[in-house]
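Please read the structure below before turning to the comments.
Read the figures in this text as sums done on the coordinates, not as results from a lab. For clarity, every value in this text was computed on a predicted model and none was experimentally measured. Neighbour counts are summed over all protein chains in view; Cβ atoms, including those assigned to glycine, are modelled from backbone coordinates with ideal geometry.
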């Protein structure tokens with residue numbers, strides 16, 4: 001009897017479990033794959049469990065977008081804002097953080113390109129993507145500006161760095177490349193302009 005209660009408690013799903021399942025579905029099948037029945041099947045759960053956490057599918061999609069926006073535009077750069085590092089070393093730490101492969105439970109290395117694809121077809125996803133892109137470019141400009149680059153050099157460097165990130169994320173999927181070395185080379189070239 002006790003074993004059955006423990007097993008049941010272990011299978012209780014959280015809101016986060018459904019959000020992560022949504023990201024995995026997005027990566028494997030695009031936005032149309034984010035469906036209640038398919039997610040429930042993936043999680044070996046009932047649709048009732050879904051509706052316990054979300055009002056409807058739109059509510060889940062909003063939660064996914066909020067989760068991604070928080071991670072994509074805040075958490076990565078916050079980790080690189082270490083006061084014990086020089087501005088140059090903060091940029092290089094940012095390279096390592098950006099090049100890290102996201103956890104498989106949230107869609108892995110394909111989650112970022114999948115979010116961009118979603119933003120091309122869904123107005124709400126596009127709005128979030130535009131906010132994330134603007135925030136990332138501003139953060140990159142600030143990080144680079146702290147190294148001694150002029151405002152214009154930092155702004156142009158941020159665009160070059162971010163364009164490299166987007167391209168390298170796609171090449172990581174299609175060609176299996178490691179992003180760290182080429183992204184570090186881009187960062188070093190931009191940082192050399194401050195010298």
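Assorted remarks:
- Here's the picture: a label point sits 7 Å out from the Cα of residue 175 along the beta-carbon direction, and within the range 114-128 nothing has its amide nitrogen under 16 Å of it.
- Label-point gap, in nm, between residue 137 and residue 189 - each point 7 angstrom along Cα→Cβ: 2.0
- Label-to-label distance, nm, for residues given as residue 124 and residue 35 (7 Å Cα→Cβ offset): 1.9
- Approximate spin-label separation residue 166-residue 81, in nm, with each point projected 7 Å along Cα-to-Cβ: 2.5
- The slack in the chain from residue 74 to residue 47, taken as 0.36 nm per residue of separation less the alpha-carbon distance, amounts to 6.5 nm.
- Full-extension gain in nm, residue 59 to residue 155, via 0.36 nm per residue minus C-alpha separation: 31.0 nm
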